[in-house]
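Have a look at the structure below before the remarks.
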Amino acid sequence: MIGIFDSGSGGLSVLREILRILPKERYIYFADNAFCPYGEKTPTFIQDRARTITGFLLSKGADIIVVACNTATAAAITTLRKEYPIKFIGMEPAVKPAALSSRTGVIGVLATAGTLKGSKYLTTKGLYEDNVKIAERVGKGFVELVERGVLDGHEAEETVRLSLQPLLDEGADRIVLGCTHYPFLKDVIQRLAGPQTRIIDPAPAVARHLLDVMMSEGLIREDGGPALPDITLAASGELDTVRRLLDSITDGSD
Ligand code: DGL
């Protein structure tokens, strides 16, 4: 069984990509929405939450865990890998594909404060910043919008514009979504940024990496699996919005 967690509903954008290539596995998704957002919390706090959630997912039968949260990956994945004898798949900041494909030589990264301060992001950034200018902004209020299920409309546009416009003003023609909540606002981001701007979500690459690891670990289901996605939901807070977003990614209407 594949365990997945995030501070809230954002990790469902990663589950959506995983389901495209692994539709027959069993899943348990944990939304830590009583403690969301993680963006400004300390690494120690996030590590404690990650341990508690990992314990829960293991108790339900998870044999591999996707940390479907850039902030939790930055704060806790090294600790988790040291403390538990299973594989953890984390989020990668998609700076490389953005940097290699940019025509203006400027890329924009939208992420939480925790991710932008993390050593993984800073190391990746260091590899490319001699070749492209990397502009960054926290997507202020994006996570809260998604947690409330507000994915489009006037409020979403105004909130997104405030963080996105400075990146566009600096000349960015690639926008990296460095937080798993942000793909749920992709339509708004694309509309405001215009068709010449490419929005880059690392989730498909993370899903492919999960598939590779599951194959090499012998974790792929042999019995053909269920006809419909087999997904158990759990949360530290209320489940309604999480369930609605899950329905929207599994009914083919996304
Ligand atoms: N979705 C998470 C991320 O990828 C966490 C956002 C938050 O809780 O601040 O960073």
In this structure, among 87/125; 96/186; 82/133; 24/60, pairs with alpha-carbon gaps over 23 Å are 87/125; 82/133
Quick calc: nm separation of the 7 Å Cα→Cβ label points for residue 129 and residue 219 -> 3.3 nm
Of the residues 176, 242, 165, the Cα lying farthest along the dipole of segment 122-254 towards its positive end, which is defined by charges on the beta carbon of Lys, Arg, Asp and Glu, belongs to 165
Magnitude of the Cβ-charge dipole (Lys and Arg +1, Asp and Glu -1) of segment 138-254 about the Cα centre, nearest 20 debye, reported as 280 debye
Among segment 189-203, those whose backbone N falls under 20 Å of a label point 7 Å along Cα→Cβ from residue 103 are 190-201
Once Lys and Arg are counted +1 and Asp and Glu -1 for all other residues with Cβ under 13 Å from that of residue 230, the total becomes +2
So, relative contact order of the chain in percent, Cα under 8 Å, 6 or more apart, is 30 percent
Given a 1.4 Å probe, the accessible area of the chain per residue, as a whole number of Å², is 44 Å²
Within the set 224, 39, 237, GNM on the chain using Cα springs under 10 Å gives the largest fluctuation to 224
Ordering 133-146, 151-164, 202-215 by per-residue average of other C-beta atoms within 10 angstrom, highest first, gives 133-146, 202-215, 151-164
Yeah, segment 186-246 with a ≥ b ≥ c from its alpha-carbon gyration tensor (a/c under 1.5 is rounded, else prolate when a/b outruns b/c, oblate otherwise) is oblate
Rounded to the nearest 500, the 222 nm mean residue ellipticity computed for the chain from DSSP H runs (n ≥ 4, each -39500 (n - 2.57)) alone is -14000 deg cm²/dmol
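The values are calculated or read from the model by the stated rules, or taken from the named source; none is laboratory data. Owing to the predicted nature of the structure, the values given are computational and were not obtained by experimental measurement. Note that we place each Cβ from the backbone using ideal geometry, even for glycine, and neighbour counts take in every protein chain shown. Surface areas here come from the heavy atoms of the whole protein model, side chains and all, with no ligands, DNA or RNA. Shrake-Rupley method; radii C 1.70, N 1.55, O 1.52, S 1.80 Å.
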